[in-house]
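Nothing in this text is a laboratory measurement; each read-out follows from the coordinates by a stated rule. These numbers come from a predicted model, not from an experiment. Cβ coordinates were reconstructed from backbone atoms using ideal geometry, including for glycine residues, and neighbour counts include every protein chain displayed.
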Amino acid sequence: MQYGGSDMEPGSFQELLNSERMQNARNKLTLAIGKDESGEVVACDLMTTGPILIAGEEGYGITECLNAMICSVLYRTNSDETKLILVDIKNEKLQIYNNSSHLLIPVITDPNKALKILAWAAEEMNERFSLFARHCVCQLKQYNDSLKEKEKRKPEIVIIINGIEDLVSLNTEEINRCLIPLVRFAKPTVGLHLIIVTHHPSLDNLPVPIRVCCGCCIAFKTSSSETSMMIVDHYGAEKLSGKGDMLLSVYPEFSPRLVRCCTITDDEISKMTMSDQV
């Protein structure tokens, strides 16, 4: 595997959306990511991967990848059927989405509020399991289809935590109580999906259950081979060019793919957040 990737074409976000790969995607929660070394469009299906972990050093492409994922949700789903919970403790990256009708609540920048919403999500997960049992169904679509016309449907909820290290350092006990059960048990069939991001990957910032329960792991440039191994169970992220290159590992594949993240502009994001209100 080559790690420079200087001749790799990232592709624009719009190009990826219009690609055959995205147009033919069976599930609406298929997220555009970029292109691999052969020029093939790469996407990640939240309905099959379970939780996604994105990790790497600051400034090497994580924000672009996150924006592409969020805008994929805005473009491909209706705000009545899918809701976003965006946690951005550093108050830097995700404020641009505050006008989106997909947001369940405004972008969360306060760590204590973030812990509260995670506690709510854990309770919502347990409530959904109970509802499904009472209705003798095993997934969200079956539950919604079983309801009468005027009964309220449950939406898919995508929870994105940008900067998990800030919450772990604040209250490890609360993380263990709320987030770890979500990572372990919030299966796609229950309609709760997690994307966890850290810009400072380390053993202290990424509890073991998060690392082992994520079905899709993305490593941008890391400071060491050990950190690369921790994220994608493979060396190499320390050698990435830093031009949006990543190692993408999706279970049950044994070897990660080299991918370059697509490009997306602030203007595109602004237009996407306004158009999803129509």
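Rank Leu247, Asn67, Asn98 by how far each Cα sits towards the positive end of the charge dipole of the chain (+1 on Lys, Arg Cβ; -1 on Asp, Glu Cβ) and give me just the farthest.
The listed residue farthest towards the positive side: Asn98.
Please identify every one of the trypsin sites (Lys or Arg not before Pro) in region 172-278 that sits in a loop by DSSP and has no more than 16 other beta carbons within 10 Å of its own beta carbon. Mind dumping the intermediate values first?
Values: sites: Arg177, Arg184, Arg211, Lys221, Lys239, Lys243, Arg257, Arg260, Lys271; in loops: Lys221, Lys243.
Sparse-neighbourhood loop trypsin sites (Lys or Arg not before Pro): Lys243.
Excluding Pro256 itself, what net charge comes from residues whose Cβ is under 11 Å from its Cβ, given Lys and Arg +1 and Asp and Glu -1? Mind dumping the intermediate values first?
Working: positive: Arg257; negative: Asp36, Asp233, Glu253.
That works out to -2.
For the chain, take the longest principal axis of its alpha carbons; what is the angle in degrees between that and the long axis of helix 62-76, to the nearest 10 within 0 to 90?
It is inclined by approximately 40 degrees.
Could you tally the net charge around Lys113, taking each other residue with its Cβ under 13 Å from the Cβ of Lys113, Lys/Arg +1 and Asp/Glu -1? Could the numbers behind the result be given before it?
On the way: positive: Lys116; negative: Asp88, Asp110, Asp166, Glu174.
With Lys, Arg at +1 and Asp, Glu at -1, the neighbours total -3.
Using modelled backbone amide H atoms (1.01 Å from N, in-plane), which distant-in-sequence or interchain residues come within less than 5 Å of Leu194's amide H?
Ile52, Ile159
Report, ordered by chain and residue number, the lysines lying within cross-link reach of Lys150, taken as a straight Cα distance under 18 Å and ignoring same-chain residues fewer than 8 apart.
Result set, ordered by chain and number: Lys141.
Would you mind getting the Kirkwood hydrodynamic radius of the chain from its Cα pairs, rounded to one decimal in Å? Intermediate results must be reported in sequence, preceding the final value.
Numbers: mean 1/r = 0.0528 Å⁻¹.
Mean inverse Cα-Cα distance, inverted, gives 18.9 Å.
With a 10 Å radius around each residue's Cβ, average the other Cβ atoms per peptide and rank 52-63, 90-101, highest first. Write down the numbers at each step before the final one.
Values: 52-63: 22.2, 90-101: 15.8.
Answer by packing, highest mean first, reads 52-63, 90-101.
Between the DSSP loop rule and a limit of at most 12 other Cβ atoms within 10 Å, which chymotrypsin sites (Phe, Trp or Tyr not before Pro) in region 181-278 are left?
Working: sites: Phe185, Phe220, Tyr235, Phe254; in loops: Phe220, Tyr235, Phe254.
Listed in order of number, the matching sites are Phe254.
Among the listed pairs Lys35/Lys116; Lys187/Lys271; Lys93/Lys271, give every one whose C-alpha distance is greater than 27 Å. Spell out each step's value before the answer.
Values: Lys35/Lys116 37 Å; Lys187/Lys271 31 Å; Lys93/Lys271 16 Å.
Over 27 Å Cα-Cα: Lys35/Lys116; Lys187/Lys271.
Restricting to DSSP H runs of at least four residues, report the calculated mean residue ellipticity at 222 nm for the chain, -39500 (n - 2.57) per run over all residues, nearest 500 deg cm²/dmol.
Numbers: 11 runs with 96 residues, N = 278.
The helix contribution divided over the chain gives -9500 deg cm²/dmol.
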